[in-house]
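The values are calculated or read from the model by the stated rules, or taken from the named source; none is laboratory data. Treat the numbers as computed from the prediction; the structure is a model and nothing was measured. Neighbour counts run over all protein chains shown; Cβ positions are idealised from the backbone, glycine included.
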Amino acid sequence: MSQQAATRLDKQMLIGGEWVDADERTDVIHPYDGDLVGSVPMASDGQVVDAIDAAEAAFQASDLSAYQRYEFLHETARLVEERADEIARILTSEQGKPISEARGEVDRGVQTLDLSAEQAKRMFGEYVPMDAQKGFARDHCFTQREPLGVVAAITPFNFPLNLMVHKVGPAIAAGNAVVGKPASNTPLTSIALFECLDDAADAVEFDVPDGLVNVVTGSGSTTGDVILDHDAVEAISFTGSTPVGKYLANNSGMKEITLELGGNDPTIVWDDTDLEEAAVQVVGGACSNAGQVCNSVERVIVPEHIEEEFVDALVDACEDLVVGDPFDDETTIASMVDDSQFEDVVEIFEATVDAGATVECGGNYGGELGPRTFEPTVLSGVTPDMPAAKAETFGPLVPVITVEDFDEALEEANNTNYGLEAGLFTQDIDRAKRAADTIDAGGVNINTVSGFRADHMPYGGFKDSGVGKEGIKYAVEHFSREKLVGFHQG
Ligand code: NAD
């Protein structure tokens, strides 16, 4: 394995307060060189049922106050912080992102835990002024927020720490019990998080019931089907691909569901902006984590008359990226998570070039670069019907599409079934407001790229990009229900 990777990790699942194995195990591979990183159990149907049952029992036994939930999450944050370097190395070992990005993700994970801890203290209801209706002047009414019960948290491979924290943190803050299911190719980072939760439960001075947090590993469809069938699961929070999200939505019955799905996010760069600055941000937004980011810049839309100048600026910005070993501090682009992600990007790239796009820089992949590595690649002359414009490309491609005017730019931005996030670079406030009102996406970010995100912002897509919002406060609302309490005095 490449330098500094974690030593081999053979981990277990946390079910009902015990770390348990399964009859079958699956290997975890370092994407950069294919070496074995470790292994995890393949949970059986029965073990997933056990985890849900344990969570249900813990939920019923739990009487943690808001302040205790704050302390539990705050303690977990401190334990993740203490293990930050080790967890970042596990993350790079199994996911392949550059170590500098892995450190950044762990830092965000700590902050997301702390934000969740704070939100536990803000489960507010509302006082309803009953005298607003004739005949109710002597009555009183307020609402209170209550937890739902068992929350299932299913996460993808690309941010295995922070995306799991985005579910577990708010779910616990709201007073629920959790069953986590990380992606099959990146389970070890999430298991490290559950180790910290388990240790925090032991460290705090009050009783956190066994089973309040559980994690199962292995096949997504096995776990998913048990979660869908089990009546005790009150909410499913899923981040991942659109087809799996739609399957869950179609089969979840009366369960609460939050879906954070794929994107084909546009970033419009208009002619009144600093093109060099925009190019640096666009390349960063398209290539971080080798492009394996849901809200990465997928399509760059520019007016025709600046295409040449902007493409030159993009090529310059790409030259500053360093392709290489993810454990090297200098590396900014490393390998993709597995062969299937890599081959998808190769196919989209080749088909787009065959369709007539021009490779302005990059375009090399595999070979000496590494088996699953793709160079940052700027493509010009891309038209809306080409694969790189139509598909969600989980790779470091920067496809540039030209338009004649701003109306066409907005039309092109909406020319997708997805609606996650969008970016616009302009100095014109009217143009910015028009874009904000017109683009059919969960977030429109001005003077930055589609990938702009702080962890407490409301975050979630429209159309095929999902249902519901994450961001701590919004996730706590999803993981709780509002009950009315009325006092009648006649
Ligand atoms: P994926 O859909 O293949 O897997 C996501 C998770 O779902 C994994 O844990 C997997 O094991 C599980 N799973 C698979 N089949 C299942 C089933 N039938 N029932 C229940 N769970 C099942 O996605 P991926 O390849 O890991 O991640 C990439 C995708 O995630 C991209 O489309 C990306 O855009 C999306 N994503 C979205 C966001 C967002 O916030 N909108 C964030 C990150 C990634």
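Values as computed for the structure displayed
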read-out: Given (1) within 15 Å of the ligand (Cβ to nearest atom); (2) over 16 Å from the mean Cα position of the chain (by Cα); (3) in a helix (DSSP H, G or I), number of the condition Arg434 does not satisfy; value: (1)
read-out: Residue under evaluation Ala388, criteria (1) under 23 Å from Val345 (Cβ atoms); (2) part of a helix (DSSP H, G or I); (3) away from the ligand (no atom under 16 Å from the Cβ); (4) of a type in the set (A, V, I, L, M, F, W, C), criterion not met; value: (3)
read-out: Within segment 1-113, strands (runs of 3 or more DSSP E) holding 1 or more residues that are in contact with a Pro (Cβ under 6 Å, 6 or more places away or on another chain); value: 13-15, 24-29, 36-42
read-out: Members of segment 441-477 found to be within 11 Å of the ligand (Cβ to nearest atom), touching a Phe, Trp or Tyr at 6+ places or on another chain (Cβ under 8 Å) and assigned to a strand (DSSP E or B), listed by number; value: Gly443, Tyr459, Glu470
read-out: Scan of segment 268-297 for residues that are of a type in the set (Ser, Thr, Tyr) and either in contact with an Asp or Glu (Cβ under 6 Å, 6 or more places away or on another chain) or crowded, with 24+ Cβ neighbours inside 10 Å (or both), ordered by number; value: Ser296
read-out: Subset of segment 191-231 (residues that are among the small types (Gly, Ala, Ser), within 16 Å of the ligand (Cβ to nearest atom) and part of a loop (DSSP other than H, G, I, E, B)); value: Gly218, Ser219
read-out: Which numbered condition Glu421 misses (of (1) under 27 Å from Val280 (Cα atoms); (2) of a type outside the set (A, V, I, L, M, F, W, C); (3) within 15 Å of the ligand (Cβ to nearest atom); (4) in contact with a helix residue (DSSP H, G or I) (Cβ under 6 Å, 6 or more places away or on another chain)); value: (4)
read-out: Selection status of Gly370, more than 17 Å from Val293 (Cβ to Cβ), in contact with a Pro (Cβ under 6 Å, 6 or more places away or on another chain), of a type in the set (Gly, Ala, Ser) and buried (at least 16 other Cβ atoms within 10 Å of the Cβ); value: no
read-out: Pick from segment 1-38, criterion surrounded by fewer than 18 Cβ atoms within 10 Å (Cβ to Cβ) and of a type in the set (Ser, Thr, Tyr), ranking: modelled with the lowest pLDDT; value: Thr7
read-out: So Leu397, is it of a type in the set (A, V, I, L, M), closer than 30 Å to Asp35 by Cα and at pLDDT 95 or above; value: yes
read-out: Restricting segment 252-267 to residues that are within 10 Å of the ligand (Cβ to nearest atom) and charged (D, E, K, R), the residue that is surrounded by the most Cβ atoms within 10 Å (Cβ to Cβ); value: Asp265
read-out: Test: residue in segment 328-336 that is buried (at least 22 other Cβ atoms within 10 Å of the Cβ), under 22 Å from the mean Cα position of the chain (by Cα) and within 21 Å of Val403 (Cα to Cα); value: no
read-out: Selection from segment 229-251 of residues that are within 21 Å of the chain's Cα centre (by Cα), surrounded by fewer than 19 Cβ atoms within 10 Å (Cβ to Cβ) and more than 17 Å from Ser219 (Cα to Cα); value: Lys246, Ala249
read-out: Restricting segment 172-187 to residues that are of a type in the set (Gly, Ala, Ser) and within 12 Å of the ligand (Cβ to nearest atom), the residue that is surrounded by the most Cβ atoms within 10 Å (Cβ to Cβ); value: Gly180
read-out: Residue ID - surrounded by the most Cβ atoms within 10 Å (Cβ to Cβ), chosen from residues in segment 337-367 that are among the β-branched types (Val, Ile, Thr) and over 24 Å from Asp35 (Cβ atoms); value: Thr352
read-out: Residue, farthest from the ligand (Cβ to nearest atom), within segment 236-251, restricted to residues that are of a type in the set (Gly, Ala, Ser) and under 21 Å from Leu193 (Cα atoms); value: Ser237
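So that you can scan it fast, the table gives a plain yes or no per residue for (1) touching a strand residue (DSSP E or B) at 6+ places or on another chain (Cβ under 7 Å); (2) assigned to a loop (DSSP other than H, G, I, E, B); (3) away from the ligand (no atom under 16 Å from the Cβ):
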residue: Ala137; (1), (2), (3): no, yes, yes
residue: Cys141; (1), (2), (3): yes, no, yes
residue: His166; (1), (2), (3): yes, no, no
residue: Pro170; (1), (2), (3): no, no, no
residue: Thr189; (1), (2), (3): no, no, no
